[in-house]
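**Student:** This structure is in structure tokens; I'll ask about it shortly.
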Amino acid sequence: MSFLKKIIFFFMIIISICTGLAYAQESIIDHKNTSSEKQIIYSQTLQEKRTYQVYLPSTYHDTQLQKTSYPVLYVLDAHIRFEEAITIVNLLHKTYPTIPEMIIVGIYNTDRTRDLTPTKVLASQSDYRNVENSGGAAHFQTFLTQELRNEINKTYRTNGYNILSGHSFGGLFGLNVLLTEPQAFNAYLLADPSIWWDQGKWYQQLMNQWHKIHFKNTNVFIAKANNSVAKKNHFSKQFEGDFCADLKQDKPHNRLLRIDCRNYPEDNHGTVPVPAMIDGLKFVFANKNFSIKRSSTDINALQQAYQQVSHQTGFMFQPQESVLILLEKWLATQQDKNNDLKILLNYHLQLYPKSPYAQKQMNEIQMR
């Protein structure tokens, strides 16, 4: 980002935090970090113990709200990206309410190169160190999409919408999942994937098969950093140059894929994951036409906003209770809006008929 954009983004964060704090003080919703302790699962596929960590949305255990299910964001390289993802998702949910609260699962590494690379590479064929155990992505994919996901779905209230976020080798791994099992995730957020891997041979395989892949309501966001100052071999220069253009031009014939591949000329390989996740989540979920003011007084506008999100994701999304409460609290500050508030509360109870909060608010407004 340019210096001006960084300053603007900094003030946006400050404003969002202040807004969130004020909302938390007035609301039944507690915005504290509800991350669990690190957990261990034994993988039969990998024949080893794996560590993961789960963040639950602030509304997950709120007894004043109806129990509901959430989408799940799986984050690779959790030691760096897990807390980062929590911050981004929470800030975006306040700024773009159609971006839902999510369960976030961070997966920690044991042998990163082994797990995230799709092909075996010899040390003599690579400038990258520690490649002796490379090529284990298929086994890690089985662990992630079957063993770990089954554990997450069994333990937590998940709604079936799954997102994969990966950077560098993690992005390479995500592309390989797209190639081999595209329906394993509903959306992919891939930051600067290492498509130079295996001297570009794997990238050629991807491009040869790209138009044959059968997607099903899949969203793919790929961010490419400016790596011109980084040490790069000639394979990187050859195969990374037109990566985004190649994917967009050779789009699969079926229409069940939404893809956005963006260049970030002001970010390098190390800085691109943050703007990539922000823009990726906005690409998947955000509705630019959503307005708190309009949606609080026009149920049709609110429904249309979520119909658009459902259309672009291929998955049924409705306003979460946190969004409805935000709209209701805004209406409560306005004069002569009792009728609009009653209409909104009726809609709230249609979606969440067992919500103690909505029932209480409706009783109070009827007694006025």
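The values are calculated or read from the model by the stated rules, or taken from the named source; none is laboratory data. As the structure is a prediction and not an experimental result, all values here were calculated from the model. Note that each Cβ is placed from the backbone with ideal geometry, even for glycine, and that neighbours are counted across all protein chains shown.
Condition check ((1) in a helix (DSSP H, G or I); (2) at pLDDT 95 or above; (3) in the same structural domain as I195 (by TED's automatic domain parsing); (4) more than 18 Å from the chain's Cα centre (by Cα)) across all residues:
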position: L65; (1), (2), (3), (4): no, yes, yes, yes
position: L73; (1), (2), (3), (4): no, yes, yes, no
position: T98; (1), (2), (3), (4): no, no, yes, no
position: V105; (1), (2), (3), (4): no, yes, yes, no
position: R129; (1), (2), (3), (4): no, no, yes, yes
position: F143; (1), (2), (3), (4): yes, yes, yes, yes
position: L148; (1), (2), (3), (4): yes, yes, yes, no
position: E151; (1), (2), (3), (4): yes, yes, yes, yes
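**Student:** Here is a further query. Give region 306-324 a look and list any residue that's in contact with a Ser or Thr (Cβ under 6 Å, 6 or more places away or on another chain) and part of a helix (DSSP H, G or I), or say none.
**Tutor:** The answer is V309, S322.
**Student:** Also, I was wondering about something else. Which members of region 48-100 meet the condition of being of a type in the set (F, W, Y) and in contact with a Ser or Thr (Cβ under 9 Å, 6 or more places away or on another chain)?
**Tutor:** Correct list: Y55, Y60, Y70, Y74, F82.
**Student:** If you don't mind, another one. Looking at region 325-368 only, could you name the residues that are of a type in the set (V, I, T) and not in a helix (DSSP H, G or I)?
**Tutor:** Listed by number, the list holds a single entry, T333.
**Student:** Sort out which residues of region 286-307 are within 20 Å of N186 (Cβ to Cβ) and touching a residue at least 60 places away in the same chain (Cβ under 8 Å), and write them in order of number.
**Tutor:** Across region 286-307, the qualifying residues are A286, N287, A305, Y306.
**Student:** If I ask for residues that are of a type outside the set (S, T, Y) and out of contact with any helix residue (DSSP H, G or I) (no Cβ under 7 Å at 6 or more places or on another chain), which ones from region 263-281 would you list?
**Tutor:** Those that are of a type outside the set (S, T, Y) and out of contact with any helix residue (DSSP H, G or I) (no Cβ under 7 Å at 6 or more places or on another chain): P265, E266, N268, H269, G270, V272, P275, A276, D279, G280.
**Student:** Sort out which residues of region 170-194 are surrounded by fewer than 24 Cβ atoms within 10 Å (Cβ to Cβ) and either touching a Lys or Arg at 6+ places or on another chain (Cβ under 6 Å) or not in a helix (DSSP H, G or I) (or both), and write them in order of number.
**Tutor:** Within region 170-194, E181, Q183, N186, S194 meet the criteria.
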